[in-house]
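The values are calculated or read from the model by the stated rules, or taken from the named source; none is laboratory data. Keep in mind the model is a prediction, meaning the values are calculated, not measured. Don't worry about glycine lacking a Cβ; one is built from the backbone with ideal geometry, like all the others, and counts go over all protein chains shown.
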Amino acid sequence: MKTKIHLLTATAGAVFLALAAGTAAFGSEAIKVVSWGGAYTKSQVEAFHKPFTAKTGVVVQSLDYNGGLAEIKAQQDTKNVSWDVVDVLPSDAIRGCAEGYFEKIDPAMLPAAPDGTPAVKDFVEGTLMECAVGNILWSTVFAYNAQQFKGAVPKTIADVFDVKKFPQKRALQKRPQNNLEWALIADGVPANDVYKVLRTKEGVDRAFKKLDTIKPFVSVWWTAGAQPPELLASGEVAITTAYNGRIFDAVQSENKPFVIIWDHQVWQYDLFAIPKGSRNVKRALEFVQFATSSKALADSASWISYGPARKSAMPLVGKHWKTSVDMKTQLPTAPAHFNNAIQQNIQFWADHQDELNQRFSAWLAK
Amino acid sequence: MKGGQGTFEVADQAQLQLKLRLSARRSKVTAFCLVLPLLAFILVTFVLPIGSLLYRSVYNPTVVDVLTETVAALQSWDGDDVPDEPVFAALAVDLVKARQEQTFGPVAAQLNFDLGGMRSLITKSVREIEKTSEGLYKPAFLEIDPRWGETATWAAVRTNSQRYTAAFYVTAVDRRFDSRGQVVLVDEDLRIYINLFVRTIWVSSAITALCLLLGFPIAYLMAAVPTRYSNFLLIAVLLPFWTSLLVRTTSWVVILQREGVINELLIWLGLIGEDGRLALVHNMTGTIVAMAQILLPFMVLPLFSVMKTIPLNYMHAAQSLGASPEKSFLTVYLPNTLPGIGAGSILVFILAIGYYITPELVGGRTGQLIGNFIAYHMQSSLNWGLAGALGSILLAGILALYFVYDRIVGIEKLKLG
């Protein structure tokens, strides 16, 4: 009997605690910030969420999603928008803005750089949009597991496509983006002309023809950003495409023998957007202003190797929080990595992703 | 006394009948009230979503609502040449209005599904056509972008010019409307859905066959051994049910991958060399193996429930009458298990045909099923009309299968447990 009562009290206590925690998290002074999870979300929690809560008292609840506008569309269709700030890709930012899913954000409301340069001039060109504010520059790169190579190692995109020299298994992302660009680079198209060539039917044919040559050597087509480091670590593949931050993280925190091939990295950026219908637009905007200040952006680079979207944040970038590596040398924007980088052409992909996705799927299935 | 009893009987009978009717009605109402929550549940979670799926697969209001004038003016277009000035003038009116009301985004997205590049074409034209205040609109549009002078552009607009449309179904079977409004096959390197439907049916059949092959002996064993052993076996069959689907699927990756358990074992046994590691996952093999394991209980349970009711004496009787063990199994036991085989197979097949999480994780390039593409159009491309059409075709296929089953085996013989 006594144990029963104890059990009851314990349960009641637990329920009460859960309820209390629930109300705290869902109170009016809390905002929900949605991002991509993993080490990336951790960098935002450390550099943006915690300092923001310390400064304003507003609780930031962190949620994960897999990108795309489907969830925001569903929330707005049912008039129940529960997200306040979303970390989006440029293609979704453009599309979401045009289709009315996001609030407009006036760049004049963003904080100036420490030296007084207005935000409009401080952000890297193109990272300020009508409805979204850029936060980090990241890139998709090839990376390999050094243990799987004896002697020569792949150094360029052409090497990666050279299956005679490197017959090891590869993994590529299961989407046409980047793969078509790299196929053309490997086929000898200069970086500046890649999208010009891809705009023609012949150019697309040429890219797919080049991809044909490595298709038998690609044993995995990955879909989630966490997969590539796992595939390299388990020995499933020797070379893979990956988000640069994920590989950096595996090298720093798990001492993996992974090497990034920076040749022709394809870079793009993430942005913060505020869904229309958010219950806390004012707080959401405050969060965006705080998180995209030069200092916060520079701080986030201490947690993950993504470059800040503000020029004034670059000199403020410090050391890695754990291993004290100088992060300035690890970012995609480091001069040694950036000389032949390709910027993913958002306009091209906004126009052609529907047909190229279909063609890519048909090609994969063959 | 006798007569009195007679009149009493008549009155009594009438009253009794009334009473009976009342009580029958009362129990009917009670019964209805009891199933009401279930009915409401089915309505909300089954009838409404499926109704909405079917509706979305034919309902395409986006372009009609915004480019109203253009669509009307395009009615008389023959599809051979670029339309004339009235159509362009109507387009200008529509686009200016769409810019004011901020409604051009969804139109650009919808048209882009049918023709790549329409997204930027619409966005650009919306921005620039306002500057044209007088003169002819046709040259103005051609000035903004020469693509307005291509029939393909106008064919895309016309494809979306009906509020209730078959266009999504046309796309779902690898076809499109050309500029004359005829249904034609899409380019060979864009064809995908028909192959996927065929593959989905093929893979689901293979999984069903595999489940039957593996499940039949297990169910037989469970039915044949004493209850305490069969309970243990039942738990063993159900145990995977209590483990998360994602965990089970991921364990298959661990077991089947190139550096995984099976490959290591085969190398250790000397059956394959270091270079001969088998590709067992991230392809169709992976999909079939993982899905067969996940769906196996749905085969075993109906089989077991049927086999439990077949007396073992039947086999003994057949054998004592001179039939060989094989013959008595084939002619006596097997026919008695048919309701279980039918139920298990139909259950596994229907579940398999709509699966998408497992193929997504272990299917790689060649093991993707139609469900993956429905999910893609729901979550990524936001082409919900096409997702609805693909889903409806799948639904129609399953209903057809159910009908065939009813004709051949009889649905009343279905025994689910």
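Quick one: in region B:322-362, of everything that is closer than 16 Å to B:I398 by Cα and aromatic (F, W, Y), which residue is modelled with the highest pLDDT?
We begin by selecting, within region B:322-362, every residue closer than 16 Å to B:I398 by Cα; these are B:342-355.
So of that shortlist, the ones also aromatic (F, W, Y) come out as B:349, B:355.
On the way: B:F349: 94, B:Y355: 90.
Going through the qualifying residues, I end up with B:F349.
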Quiz item: So, of the residues in region B:87-134 that are among the aromatic types (F, W, Y) and at the interface with chain A (Cβ under 8 Å from one of its Cβ atoms), which turns out to be nearest to B:V173 (Cα to Cα)?
Solution: B:F113
Quiz prompt | Filtered residue count, region A:137-175, keeping only those that are within 17 Å of the chain's Cα centre (by Cα) and either farther than 17 Å from A:P216 by Cα or not aliphatic (A, V, I, L, M) (or both) | solution = 10
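Among the listed residues B:S125, B:S57, B:S120, which satisfies the condition of being touching a Gly at 6+ places or on another chain (Cβ under 7 Å), under 22 Å from A:E355 (Cβ atoms) and of a type outside the set (K, R)?
On the way: B:S125 fails: touching a Gly at 6+ places or on another chain (Cβ under 7 Å); B:S120 fails: touching a Gly at 6+ places or on another chain (Cβ under 7 Å).
Among B:S125, B:S57, B:S120, only B:S57 is touching a Gly at 6+ places or on another chain (Cβ under 7 Å), under 22 Å from A:E355 (Cβ atoms) and of a type outside the set (K, R).
Conditions (1) without any contact (Cβ under 8 Å) to a residue 60 or more places away in the chain; (2) touching a Lys or Arg at 6+ places or on another chain (Cβ under 7 Å), marked per residue:
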{"residue": "B:I194", "(1), (2)": "yes, no"}
{"residue": "B:V198", "(1), (2)": "yes, no"}
{"residue": "B:P217", "(1), (2)": "yes, no"}
{"residue": "B:V237", "(1), (2)": "no, no"}
{"residue": "B:P240", "(1), (2)": "yes, yes"}
{"residue": "B:D275", "(1), (2)": "yes, no"}
Exercise. Enumerate the strands (runs of 3 or more DSSP E) found wholly within region A:37-152, keeping only those where 3 or more residues are away from chain B (no Cβ under 14 Å), under 27 Å from A:K311 (Cβ atoms) and modelled with pLDDT of 95 or more.
Key: A:85-88, A:132-145
Quiz item: For B:I370, which of the numbered conditions (1) out of contact with any Leu (no Cβ under 7 Å at 6 or more places or on another chain); (2) of a type in the set (A, V, I, L, M); (3) closer than 27 Å to A:R170 by Cα fails to hold?
Solution: (1)
Quiz item: Here is a list of conditions, (1) in contact with a Leu (Cβ under 7 Å, 6 or more places away or on another chain); (2) buried (at least 22 other Cβ atoms within 10 Å of the Cβ), and A:L232 meets all of them except one; can you say which number that is?
Solution: (1)
Quiz item: Looking at B:S133, B:S161, which is the one that is part of a loop (DSSP other than H, G, I, E, B), surrounded by fewer than 17 Cβ atoms within 10 Å (Cβ to Cβ), out of contact with any Gly (no Cβ under 9 Å at 6 or more places or on another chain) and at pLDDT below 95?
Solution: B:S133
Self-check item: Residue in region A:329-342 that is modelled with the lowest pLDDT, counting only those that are surrounded by 18 or more Cβ atoms within 10 Å (Cβ to Cβ) and of a type outside the set (A, V, I, L, M, F, W, C)
Solution: A:T333
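Hey, which of the helices (runs of 4 or more DSSP H) in region B:349-417, taking only ones fully inside, have at least 2 residues that are within 11 Å of another protein chain (Cβ to nearest Cβ) and either farther than 30 Å from B:N112 by Cα or not aliphatic (A, V, I, L, M) (or both)?
Numbers: elements: B:357-362, B:370-379, B:384-408.
In region B:349-417, the matching helices (runs of 4 or more DSSP H) lie at B:357-362, B:370-379.
Rundown of residues vs (1) of a type in the set (D, E, K, R); (2) out of contact with any Ser or Thr (no Cβ under 9 Å at 6 or more places or on another chain); (3) more than 28 Å from B:V362 (Cβ to Cβ), yes/no style:
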{"site": "B:L214", "(1), (2), (3)": "no, yes, no"}
{"site": "B:A224", "(1), (2), (3)": "no, no, yes"}
{"site": "B:S230", "(1), (2), (3)": "no, yes, yes"}
{"site": "B:P240", "(1), (2), (3)": "no, yes, no"}
{"site": "B:T249", "(1), (2), (3)": "no, no, no"}
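Tell me which residues, restricted to region B:379-395, are among the hydrophobic types (A, V, I, L, M, F, W, C), within 16 Å of B:T171 (Cβ to Cβ) and modelled with pLDDT of 90 or more. Break it down stepwise before answering.
Narrowing region B:379-395 to residues among the hydrophobic types (A, V, I, L, M, F, W, C): B:382, B:384, B:386-387, B:389-390, B:393-395.
Next cut, within 16 Å of B:T171 (Cβ to Cβ) only: B:382, B:384, B:386-387, B:389-390, B:393-394.
Matches in region B:379-395: B:W384, B:L386, B:A387, B:A389, B:L390, B:I393, B:L394.
Yes/no per residue for (1) closer than 19 Å to A:Y40 by Cβ; (2) among the charged types (D, E, K, R); (3) crowded, with 20+ Cβ neighbours inside 10 Å:
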{"residue": "A:A242", "(1), (2), (3)": "yes, no, yes"}
{"residue": "A:D249", "(1), (2), (3)": "yes, yes, yes"}
{"residue": "A:V259", "(1), (2), (3)": "no, no, no"}
{"residue": "A:V266", "(1), (2), (3)": "yes, no, yes"}
{"residue": "A:S305", "(1), (2), (3)": "yes, no, yes"}
{"residue": "A:M314", "(1), (2), (3)": "no, no, no"}
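Say we look at region A:199-230 and pick out the residues that are over 29 Å from A:Q252 (Cα atoms), β-branched (V, I, T) and within 28 Å of the chain's Cα centre (by Cα); which of these is nearest to the other protein chains (Cβ to nearest Cβ)? Full working, then the answer.
Within region A:199-230, the first condition is being over 29 Å from A:Q252 (Cα atoms), and the residues that meet it are A:199-216.
Now drop any that are not β-branched (V, I, T), which leaves A:200, A:204, A:213-214.
This time we only want the ones that are within 28 Å of the chain's Cα centre (by Cα), so: A:204, A:214.
Values: A:V204: 9, A:I214: 13 Å.
By that ranking, first place goes to A:V204.
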Quiz item: Mind checking whether some residue in region A:309-321 is of a type in the set (G, A, S), over 28 Å from A:P118 (Cα atoms) and more than 14 Å from chain B (Cβ to nearest Cβ)?
Solution: no
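Condition (residue is touching a helix residue (DSSP H, G or I) at 6+ places or on another chain (Cβ under 6 Å) and either of a type in the set (G, A, S) or at pLDDT below 90 (or both)) applied to region B:50-57: is it met by at least one residue? Break it down stepwise before answering.
We begin by selecting, within region B:50-57, every residue touching a helix residue (DSSP H, G or I) at 6+ places or on another chain (Cβ under 6 Å); these are B:53-54, B:56-57.
Next cut, either of a type in the set (G, A, S) or at pLDDT below 90 (or both) only: B:57.
For region B:50-57, residues touching a helix residue (DSSP H, G or I) at 6+ places or on another chain (Cβ under 6 Å) and either of a type in the set (G, A, S) or at pLDDT below 90 (or both): present.
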Practice problem: Name the one entry in A:S361, A:S278 that is more than 14 Å from chain B (Cβ to nearest Cβ) and either assigned to a strand (DSSP E or B) or of a type in the set (G, A, S) (or both). | Solution: A:S278
Quiz prompt | Candidate set: region B:274-289, residues that are surrounded by fewer than 18 Cβ atoms within 10 Å (Cβ to Cβ) and either in a helix (DSSP H, G or I) or in contact with a Cys (Cβ under 9 Å, 6 or more places away or on another chain) (or both); chosen: the one nearest to the other protein chains (Cβ to nearest Cβ) | solution = B:D275
